[in-house]
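Undergrad: Structure provided below as structure tokens; questions to follow.
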Amino acid sequence: YQIVSDSLAFMAICVLSLSNLSKFSRISVIVITLFFLLILNARSGLIGFLLALCFIFDIRKIFIEKPVYVFFSVLLLIVIFMHISPDFQHISSFFESSNSRIYNIFSGNFYDDASFVGRMKLLLHSLSIIAAHPILGSFGSQSETDIDGFGVRWGAYTHNIFVYWDQFGIIGFALVSLIICMCYYNNKLLKRVSGIDLFALIVLVLSQQLFLKSFTYFYLFAMAGLIEGMKNVNKHNYNYQKFK
């Protein structure tokens, strides 16, 4: 389900960033994507998608240009919440029983969630490996002990960017950091020269890779290839010197 949810979120943000869609079509893409991310129990994909949407709609610009609109929108939401609050407990109970994985995140019950607790244990393992072997790391160290209580296994990778350091050492971590920096730099060039902006996609992918995914999350490299490919294609349409 994670591969499906990651692919869906990646594709949806690409469509929203690159396609000249009508307002209705954009809303339709967002609603359909959110629906499937919810029924897939894809917590990481859902969080990343919501963060990316903030940059699709440029929330900062909306707050600056339309503060009155934002104020009354928030006020309306408060009024609606107060109106439904007597029934909120019933709604919450239904949501908890039907989709507990999503409920645990949005309710703040992190330590009732086995996945969250396991990820924290994996993170602490990574930090201990980095402290003990800061230069070379220790590839496969997770296969030597039961780190998170789910048994000794090869796939007990840390689910954040530090996995590159504890598995491949400082050089591997530096190479991945370079890829991330190049994505940001190339996107700035694309935006300045051709008006193409994939920053929302960068937010989606980095929210996953930095905090929620292991090195098996290949969309970091898919994003790097997409941005580099678009830069190369646009060299044929714009002055090459602008991309140097």
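The values are calculated or read from the model by the stated rules, or taken from the named source; none is laboratory data. Bear in mind the structure is a predicted one, so any value in this text is a computation, not a measurement. Glycine also receives a Cβ, built like all others from the backbone with ideal geometry; neighbour counts cover every protein chain displayed.
Undergrad: Quick one: residue 178 ticks every box in (1) assigned to a helix (DSSP H, G or I); (2) touching a helix residue (DSSP H, G or I) at 6+ places or on another chain (Cβ under 9 Å) except a single one, so which number is it?
TA: Residue 178 satisfies all of (1) assigned to a helix (DSSP H, G or I); (2) touching a helix residue (DSSP H, G or I) at 6+ places or on another chain (Cβ under 9 Å) except (2).
Undergrad: Only one of these conditions is not met by residue 15: (1) closer than 18 Å to residue 203 by Cα; (2) of a type outside the set (Lys, Arg); (3) without any contact (Cβ under 8 Å) to a residue 12 or more places away in the chain. Which number is it?
TA: Failing condition for residue 15: (3).
Undergrad: Quick one: in the stretch 122-134, of everything that is closer than 10 Å to residue 158 by Cβ and surrounded by fewer than 16 Cβ atoms within 10 Å (Cβ to Cβ), which residue is modelled with the highest pLDDT?
TA: Only one residue tops the list, namely 127.
Undergrad: Continuing with this model, one more query. Just the residues that are exposed (fewer than 14 other Cβ atoms within 10 Å of the Cβ) and over 27 Å from residue 154 (Cα atoms), please, taken from the stretch 212-227.
TA: Listed by number, the list holds a single entry, 225.
Undergrad: Something else: Could you run through the stretch 6-25 and say how many residues are of a type in the set (D, E, K, R) and either touching a Lys or Arg at 6+ places or on another chain (Cβ under 7 Å) or surrounded by 18 or more Cβ atoms within 10 Å (Cβ to Cβ) (or both)?
TA: Result for the stretch 6-25: 1.
Undergrad: Taking the stretch 205-222, which residues are assigned to a helix (DSSP H, G or I) and in contact (Cβ under 8 Å) with a residue 60 or more places away in the chain?
TA: Correct list: 205, 207, 208, 219, 222.
Undergrad: Looking only at the stretch 184-198, decide whether some residue is at pLDDT 85 or above, assigned to a loop (DSSP other than H, G, I, E, B), among the β-branched types (Val, Ile, Thr) and more than 20 Å from residue 133 (Cβ to Cβ).
TA: The answer is yes, given that some residue of the stretch 184-198 is at pLDDT 85 or above, assigned to a loop (DSSP other than H, G, I, E, B), among the β-branched types (Val, Ile, Thr) and more than 20 Å from residue 133 (Cβ to Cβ).
Undergrad: Can I ask one more? Quick check, is residue 117 surrounded by fewer than 18 Cβ atoms within 10 Å (Cβ to Cβ), out of contact with any Lys or Arg (no Cβ under 7 Å at 6 or more places or on another chain) and part of a helix (DSSP H, G or I)?
TA: yes
Undergrad: Has the stretch 143-152 got at least one residue that is surrounded by fewer than 18 Cβ atoms within 10 Å (Cβ to Cβ), charged (D, E, K, R), assigned to a helix (DSSP H, G or I) and in contact with an Asp or Glu (Cβ under 6 Å, 6 or more places away or on another chain)?
TA: No, every residue in the stretch 143-152 fails to be surrounded by fewer than 18 Cβ atoms within 10 Å (Cβ to Cβ), charged (D, E, K, R), assigned to a helix (DSSP H, G or I) and in contact with an Asp or Glu (Cβ under 6 Å, 6 or more places away or on another chain).
Undergrad: Turning to a different aspect of this structure: Residues in the stretch 153-169 that are touching a Ser or Thr at 6+ places or on another chain (Cβ under 7 Å) and assigned to a helix (DSSP H, G or I): how many?
TA: 3
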